[in-house]
Amino acid sequence: MAIPELLASTATDLERIGSRLSAVNATAVGPTTVLVSAGSDEVSAAVASLFSRHAQEYQAWSARVSTFHAHFVQTLTTGAGMYHAAEAANVSPLQQTLDVVNAPTQLLLGRPLIGNGANGGPGQNGGNGGLLYGDGGNGGSSTTPGQPGGNGGAAGLVGNGGAGGAGGAGANGGAGGNGGLFYGNGGLAEPAGRPASWGQRR
């Protein structure tokens, strides 16, 4: 779970707890703060007065805690919103920069300069990873009997090859994509009819 969603979920849970505590405290006001003396003697009156004072102090502290709790929940909720806004602001320029950098190689060679290849659809090959950096996309698993799985996409200089997709009933899975030339592992296939086929390390 991402941090903004975690903060929002926590705030919701705490708000629910606060509502229940407030309801319990409100229910306890009458029976605890206004105690009737058990008898007409001084001891009974003193005991009733003592418990009433303690109950009133409890209610006063409870009100302070409820106020703090409400502020804390509000802070969490605000923090989640601010974190989400900051993430969106940071991702947008970075993605725009990557789009500009990747456009020429994507147009000329059909693969990005930096970035992971797309995963293939059912029975389709995974896309190749970026020429400089990026993992190959996974080959798509076939759901049609007799149709082989898609091959995993290859990495460029640095990155792991994509895993081959599983073949349909009676068909082989796709081959794993080759790992990066300088660094990376070949992708593993999940064939239906024969042992797994690894892509090359390179």
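Only the coordinates and a few stated rules stand behind these numbers; no lab work does. Just so you know, these numbers come straight off a predicted model, no measurement behind them. Reconstructed Cβ throughout: ideal geometry from the backbone, glycine too, with neighbour counts over all protein chains shown.
Using only side-chain charges placed at the Cβ, +1 for Lys and Arg and -1 for Asp and Glu, the dipole size of the chain relative to its Cα centre rounds to 700 debye.
Largest first, the extents of the alpha carbon coordinates of the range 3-109 on the three principal axes equal 99, 16, 12 Å. Report summary: the helix-based calculation at 222 nm, which adds -39500 (n - 2.57) for every DSSP H run with n ≥ 4 and divides by the residues of the chain, gives -18500 deg cm²/dmol. In this structure the amide hydrogen of residue 133, modeled in the peptide plane, comes within under 5 Å of the amide hydrogens of 115, 157, 158, none closer than 5 places in sequence on its chain. Projected onto its three principal axes, the C-alpha set of the chain covers 96, 43, 27 Å, listed from the longest axis down.
Can you figure out the FRET efficiency of residue 96 with residue 70, using R₀ = 30 Å and their beta-carbon distance, to the nearest 0.05?
0.15
Against the chain, whose longest principal axis comes from its Cα atoms, helix 42-109 is set at around 20 degrees.
So how tilted is helix 3-33 from the main axis of the chain? Cα-based, degrees 0 to 90, rounded to 10. Tilt relative to the chain: about 10 degrees.
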